[in-house]
């Protein structure tokens, strides 16, 4: 029998955003903030702006408070470039369904969200 030991950081890229998906699915702005870049572009149903990480956390906290999650699932992944990835998801709340647009860059093997949008369908 042959045993192969792989380093722990050799995870497939798709697994690197799992904590981000879980944070959105649970509506946790504080968990999501851990993965925000120092400056982030936000689009919350047409209200767009560039925010610092702490400002973005407050905007997201308000969004999640007004739109508590019922379900979140990814519907599209673009991970062709190892340092830049894009994702689209469906976010369902009691107030409606939103398309979620997530853009991530890898910094020191950590995913950082630099653009995030919630657009009501």
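The values are calculated or read from the model by the stated rules, or taken from the named source; none is laboratory data. All values reported here derive from a predicted model rather than from experimental measurement. Ideal geometry is used to build each Cβ from the backbone, glycine not excepted, and the neighbour counts take in all protein chains shown.
Residue-wise test of (1) crowded, with 18+ Cβ neighbours inside 10 Å; (2) modelled with pLDDT of 95 or more; (3) farther than 18 Å from residue 120 by Cβ.
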position	(1), (2), (3)
4	no, no, yes
13	no, no, yes
22	no, yes, yes
26	no, yes, yes
32	yes, yes, yes
55	no, yes, yes
60	yes, yes, no
70	no, yes, no
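Going through (1) farther than 13 Å from residue 20 by Cα; (2) modelled with pLDDT under 95 one by one, residue 111 falls short only on (1).
Selection within region 86-108: residues that are surrounded by 19 or more Cβ atoms within 10 Å (Cβ to Cβ) and under 15 Å from the mean Cα position of the chain (by Cα). The member of this set that is farthest from residue 18 (Cα to Cα) is 98.
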